[in-house]
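Reviewing the structure listed below.
A short reminder: the numbers here are calculations on the coordinates, not readings from a lab. The model shown is predicted, which means the values in this text are computed figures rather than measured ones. In this analysis, Cβ positions are derived from the backbone assuming ideal geometry, glycine residues included, and neighbour counts consider all displayed protein chains.
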Amino acid sequence: MKGSRRDRAVFVGAASSYFVKAIVLFGSPGSGKGTQAKMLTQCLMVPHISTGDMLRGRIRSGSESETGMVATMQLGALVPDLVVNEMVKERLSEADAARGFILDGYPRTLDQAGHLSEWLAGRGIHEVVIHLAVDYNVIIARLTGRRQCPRCGTLYNVSSHPPRVAGVCDLDGEELVVRDDDSEAVIRGRLDAYDRQTRPVLEYFRASGHRMVEVDASCDPPETLHRKICQMMESA
Ligand SMILES: [Zn+2]
């Protein structure tokens, strides 16, 4: 699991800038982005920097007292670019990120993407963009197959983890239900929202000639997906 620096040839090639393992990670809902971020962190030995976690942490610790920001986050809307840009620059300037990082949840807008690229380029760092994309139909089939027992909370899946008797909880015989979150309309809505927000940012990275690793994350188990990503990074 723990890869030596030599294993990640793409980062130690002729250009010294690739020595810094700068990764910008994107992942559709259902792509297992959190798991992949964790695995990459372990094999590349760089920190996982999630802007979502950072913002939540700041709000908890009260270091960002602007109630506006709290309200914005609660609404699930975007925190102003200026605030996030500054926060990320500060974080990337910390010692543990000097050898690289996995950036997650940022950039979310074109303004943020331009800001990040410019800032990294100014330091001779060329980021690699990893996109974990999913096949909508596969994800919808998987998520809409989920069933839950309303009494004990046990989760099932009609295809991958069915109960012994169809539609009935193994533990207490209660009739299983589909949770509101798992309805096709809700899932489609989340995937569409992700697509709308992410597509222009990915286009920006593509058009500006950045290294892109795009991988289908619909089906493979996490370890297989991780190996694929590493291989693609090496041959990118
Ligand atoms: Zn039950």
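Taking the average, over residues, of other Cβ atoms within 10 Å as the packing measure, peptides 124-132, 89-97, 110-118 rank 124-132, 110-118, 89-97 from highest down. Across region 90-95, coupling constants 3J(HN,Hα) worked out from phi with the 6.51/-1.76/1.60 Karplus curve, θ = phi - 60°, read 4, 5, 5, 7, 6, 4 Hz, and Gly and Pro carry x. The H on the amide N of residue 211, modeled in the peptide plane, is under 5 Å from the matching H of 129, each at least 5 residues off or on a different chain. Sorting the segments 98-105, 182-189 by their residues' average number of neighbouring beta-carbon atoms within 10 angstrom, most packed first, yields 98-105, 182-189.
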